[in-house]
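> Before we start, here is the structure in question, set down as structure tokens.
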């Protein structure tokens, strides 16, 4: 018999600032004449984030444990460098365009913290190694002519100053009101200041 317990579709992430949104907007404008452009569904700017750990559908009890864990996070702010969007998982069969975070020890430590927190709440361990990225667009059909994106080496810094526990909502929910931000609701956040 299925459980009637309320579950929350959640993830832990790092919000994107205005400068990085503008960096992605400029990229999008520059690509408007590209043959693949009509196949891209661009992620709304307020939804852009670096995922630290996708948690999935969690119980109320697990949600409280995650909130408590986030409130105890104590680490110094740091900066990461984000690439222009690239085809992912590869240029031959891309499913999305993603901005990849340049290798960064502080981000890897933060992702390890998020993974440990998830394990402590009873969630299964992540099978794949952490890959810091921001999904910028999803591609509807197989596209070609993306080689130029691979060669583009531009990047933009992002100060990592807070970590947010987000809940993902599908469709409109009038009960959430102003806290609903284009499908994501911030349930908890912690400023970084060790």
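Derivation of every value follows stated rules applied to the coordinates shown; laboratory data play no part. Small disclaimer: the values here were computed from a predicted structure and weren't measured. Quick reminder, even Gly has a Cβ in these numbers, built from the backbone with ideal geometry, and neighbours come from all protein chains shown.
> Could you work out how far apart the two model spin labels at residue 161 and residue 124 are, taking each label as a point 7 Å from the Cα in the direction of the beta carbon, and quote it in nm?
3.8
> Could you work out the relative contact order of the chain, using alpha carbon pairs under 8 angstrom and six or more residues apart, expressed as a whole percent?
It rounds to 33 percent for the chain.
> Next question. Can you compute the modelled spin-label distance between residue 151 and residue 138, with each label point 7 Å from Cα toward Cβ, in nm?
3.1
> Evaluate 2.2 N^0.38 Å with N set to the residue count of the chain, then give the Cα radius of gyration divided by it.
Details: Rg = 17.5 Å, N = 194, 2.2 N^0.38 = 16.3 Å.
Output field value: 1.08.
> Expressed as an acute angle from 0 to 90° and rounded to the nearest 10, what is the orientation of the C-alpha long axis of helix 105-120 relative to the principal long axis of the chain?
40
> At a 10 Å Cβ-Cβ cut-off, how would you order 169, 102, fewest neighbours first? Don't skip to the end; give the middle numbers.
On the way: 169 17, 102 12.
Lowest count first: 102, 169.
> What distance in nm lies between label points placed 7 Å from Cα along the C-beta direction at residue 131 and residue 21?
Label-label distance for residue 131 and residue 21, simple model: 2.7 nm.
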